[in-house]
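*Asks:* I have a structure here, written as structure tokens, and I will follow up with some questions on it.
The values are calculated or read from the model by the stated rules, or taken from the named source; none is laboratory data. In this text, all values refer to a predicted model and were calculated from it rather than measured experimentally. Every residue, glycine among them, receives a Cβ derived from its backbone with ideal geometry; neighbour counts consider all protein chains shown.
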Amino acid sequence: MTTAGPVPDRSRNLGGIIAGLLAVALLVRILTAAVTPYEFHRDEFLYFSMGTHLRLFHMDFPPMIALLSELLRHTVGVSVFTYRLLPGIVATAILLLALLTARALGAGRLGVLLTGLAMLGGALFLRAGSLFQPVVLDQLWWTLALYALLRLEQTDDPRWWWALGLAGGLGLLTKFSIAFIGLGVVAAILLTPRRKAFLGPGPWIALLIVLVLGSPSVIGQITQHFPVLDQMQQLKAGQLDRVTWREYLGMQPLMLGPVILLAVAGAVGPFADRRLRAFRAPALACVVTFLLLGFLHGKPYYAGPIYPVLLAAGATWLDFLARPRLRLALAWSVAVLTGAYLAISVPLGLPVVPPAPMAAYAARLGITAATQTNRGTQLPLPQDYADMLGWKEKVEAVAKVYDSLTPDEQRRTVLYGHNYGQAGALDLYGRRLGLPPVVSRAGSFYLFGPGERPGDVVILLGVEADDLGDFHCGSLQTATRVRNPWAVEEEQDVPVLLCRDPNMTMQEVWARHGPEWG
């Protein structure tokens, strides 16, 4: 099978530049993790609890993030710093793959520097690398898959099929959204001469690796009766149905800034310049995936993982321009505009500005999309920032109620969290405060079960008295309410109920009802 062939060697002596860019990126991540005024994100609490309830082949979500949480817990401990440093390291690895993509395409110093600047300057990558969530891991595996496809086109080395399988398998272990880039890669192969490879072992070896590595995710869905289908239906009804093409397309330049032009160039360049022909298959995979996500009403950031390689290809194409003055003029324009965008977007991308000045800055900026929630409402802060506030106060309020009980009541007490953020905060912080076990019927917590205590006394966080349904208490009082104006809407005024002598045990609640109260 013919390959795209080698590119001109313009990539010598780039090691120092690449090392410098990686050092800057990692330093930024370390400092952000060290100085952030925010606490854990609601999702991070969930992943901690998923880790402590780890059942590798019986989980409703792909278990990679839970495995990493447990690794941190048993090695360096769970703290905001360690939870934020790990995604920072992953984000630096994504930058490395983007730089390697530029070098593989034959970029010189200018192309590599522009690739690094584009990656360092995008709010999309700043935010993803600042949170302990599957998003940044998803970006890593997509980028690895596209880089492997590029190298396969350049070298025809069958070992890159193994790399494709590795990326797909780790992606399946992380998020089911790996299926989108998987479809994009298959479509790209079918649309190019590489399709003849399906007659050989390479693609099928890659598929086997995907299924073996990703088997915990697949088996978990089977044993739990495919909860991903219900999760997707809820997500579609609550959030995705409202996403229009206008929003999907309009948010792309807001997430990336001026370097969106490099991404467009990266998608077009391989078909306009034969020196980039090796990138045609990765470019097709990115375009197919982007369109597929748009047709399915995907959130704008879902397309984020296609950009590292597209930015690298676009920067390389600019570096290939034959007219030196035009090349330098365009490069300086991109650099200056990106620098200006970065200066504006850093507070939106990195959680380093405290809530009050952050809210004032967001208001002065006037970009409503930056503070819009997943459901289309507006907050003073970006939603991710609002989701990192007030959790410790809630747990401390519950602890005060618990401490007011007699020792006999404490031995019979169960804590209940209405949503996974509240339950996860009670789980993490409660362990440190010596609080009793936490149960919840929200999401994954429902699958963790009702625990062993019957719950003769139940402290409920976030549940209103009117929402208890047929769960009745011999004595029910609102012990306190926890208020925080910076939080998301449902966390701004949260009740703490004290229930004594309920009419059913926690085990009976689980036997009679599905997830959620009401």
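*Asks:* Tally up the residues in the stretch 304-323 that are among the small types (Gly, Ala, Ser) and crowded, with 24+ Cβ neighbours inside 10 Å, please.
*Replies:* The number of residues fulfilling the criteria is 4.
*Asks:* Restricting to the stretch 377-394, what's the tally of residues that are within 19 Å of the chain's Cα centre (by Cα), crowded, with 23+ Cβ neighbours inside 10 Å and assigned to a helix (DSSP H, G or I)?
*Replies:* 2
Here's the yes/no breakdown for (1) touching a residue at least 40 places away in the same chain (Cβ under 8 Å); (2) assigned by TED's automatic domain parsing to the domain that holds Ala148; (3) surrounded by 24 or more Cβ atoms within 10 Å (Cβ to Cβ); (4) in a helix (DSSP H, G or I):
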position	(1), (2), (3), (4)
Leu261	yes, yes, no, yes
Cys286	yes, yes, yes, yes
Leu292	yes, yes, no, yes
His297	yes, yes, no, no
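*Asks:* Give all pairs with beta carbons closer than 6 Å in which a residue from the stretch 506-518 that is more than 16 Å from Ala423 (Cβ to Cβ) meets a residue that is at pLDDT 70 or above; count only pairs at least 6 apart in sequence or on separate chains.
*Replies:* Going by the 6 Å Cβ cut-off, the qualifying pairs are Gln507/Pro450; Gly518/Asp467; Gly518/Gly469.
*Asks:* Hey, among Arg432, Arg483, which residue is assigned by TED's automatic domain parsing to the domain that holds Leu405, farther than 19 Å from Ala386 by Cα and either without any contact (Cβ under 8 Å) to a residue 60 or more places away in the chain or not polar (S, T, N, Q) (or both)?
*Replies:* It is Arg432.
*Asks:* Still on this structure, please answer the following. Condition first: modelled with pLDDT of 95 or more, within 23 Å of Ala511 (Cα to Cα) and not β-branched (Val, Ile, Thr). Can you find one or more residues in the stretch 394-407 that meet it?
*Replies:* Looking through the stretch 394-407, none of the residues is modelled with pLDDT of 95 or more, within 23 Å of Ala511 (Cα to Cα) and not β-branched (Val, Ile, Thr).
*Asks:* Does the stretch 100-119 include one or more residues that are closer than 22 Å to Tyr385 by Cβ and in the same structural domain as Leu310 (by TED's automatic domain parsing)?
*Replies:* Within the stretch 100-119, none of the residues are closer than 22 Å to Tyr385 by Cβ and in the same structural domain as Leu310 (by TED's automatic domain parsing).
*Asks:* Kindly provide the set of residues from the stretch 451-468 that are under 35 Å from the mean Cα position of the chain (by Cα), of a type outside the set (Asp, Glu) and either surrounded by fewer than 21 Cβ atoms within 10 Å (Cβ to Cβ) or not assigned by TED's automatic domain parsing to the domain that holds Leu405 (or both), ordered by number.
*Replies:* Gly451, Arg453, Ala465, Leu468
*Asks:* Additional query: Just one of (1) of a type outside the set (A, V, I, L, M, F, W, C); (2) surrounded by 21 or more Cβ atoms within 10 Å (Cβ to Cβ); (3) more than 20 Å from Ile181 (Cα to Cα) trips up Asp230, so point out which.
*Replies:* Among (1) of a type outside the set (A, V, I, L, M, F, W, C); (2) surrounded by 21 or more Cβ atoms within 10 Å (Cβ to Cβ); (3) more than 20 Å from Ile181 (Cα to Cα), the lone unmet condition for Asp230 is (2).
*Asks:* Can you tell me which condition Leu326 does not meet? The list is (1) surrounded by 19 or more Cβ atoms within 10 Å (Cβ to Cβ); (2) in a helix (DSSP H, G or I); (3) among the hydrophobic types (A, V, I, L, M, F, W, C), and all the others hold.
*Replies:* In the conditions (1) surrounded by 19 or more Cβ atoms within 10 Å (Cβ to Cβ); (2) in a helix (DSSP H, G or I); (3) among the hydrophobic types (A, V, I, L, M, F, W, C), Leu326 misses (1) alone.
*Asks:* Also: Only one residue in Gln410, Gln422 is assigned to a helix (DSSP H, G or I), buried (at least 21 other Cβ atoms within 10 Å of the Cβ), among the polar types (S, T, N, Q) and not assigned by TED's automatic domain parsing to the domain that holds Glu44, so which one is that?
*Replies:* Gln422
*Asks:* For the stretch 469-496: of the residues being charged (D, E, K, R) and outside any strand (DSSP E or B), which is surrounded by the most Cβ atoms within 10 Å (Cβ to Cβ)?
*Replies:* Glu491
*Asks:* Another one. Does the stretch 425-444 hold any residues that are farther than 30 Å from Pro355 by Cα and part of a strand (DSSP E or B), and which are they?
*Replies:* Answer for the stretch 425-444, where residues must be farther than 30 Å from Pro355 by Cα and part of a strand (DSSP E or B): just Val439.
*Asks:* Now a separate question. Among the residues in the stretch 300-323, are any free of Cβ contacts under 8 Å to residues at least 24 places away in the same chain and aliphatic (A, V, I, L, M)?
*Replies:* Yes, the stretch 300-323 contains at least one residue that is free of Cβ contacts under 8 Å to residues at least 24 places away in the same chain and aliphatic (A, V, I, L, M).
*Asks:* Taking the options Gly121, Gly108, name whichever one is touching a residue at least 40 places away in the same chain (Cβ under 8 Å) and within 22 Å of the chain's Cα centre (by Cα).
*Replies:* Gly121
*Asks:* While we're looking at this one, here's another question. Filter the stretch 345-373 for residues that are hydrophobic (A, V, I, L, M, F, W, C), in a helix (DSSP H, G or I) and surrounded by 15 or more Cβ atoms within 10 Å (Cβ to Cβ) and give the result.
*Replies:* Within the stretch 345-373, Val346, Leu348, Met358, Ala359, Ala362, Ala370 qualify.
*Asks:* Within the bounds of the stretch 116-129, is there any residue that is more than 20 Å from Val334 (Cα to Cα) and not in a helix (DSSP H, G or I)?
*Replies:* So far as the stretch 116-129 goes, yes, one or more of its residues are more than 20 Å from Val334 (Cα to Cα) and not in a helix (DSSP H, G or I).
*Asks:* Pick from the stretch 32-80 the residues that are free of Cβ contacts under 8 Å to residues at least 24 places away in the same chain, in a helix (DSSP H, G or I) and more than 20 Å from the chain's Cα centre (by Cα): which of them is surrounded by the fewest Cβ atoms within 10 Å (Cβ to Cβ)?
*Replies:* The residue in question is Thr75.
*Asks:* Kindly list the number of the only condition in (1) surrounded by fewer than 24 Cβ atoms within 10 Å (Cβ to Cβ); (2) over 17 Å from Ile181 (Cα atoms); (3) not hydroxyl-bearing (Ser, Thr, Tyr) that fails for Phe125.
*Replies:* Tallying (1) surrounded by fewer than 24 Cβ atoms within 10 Å (Cβ to Cβ); (2) over 17 Å from Ile181 (Cα atoms); (3) not hydroxyl-bearing (Ser, Thr, Tyr), Phe125 fails exactly one: (1).
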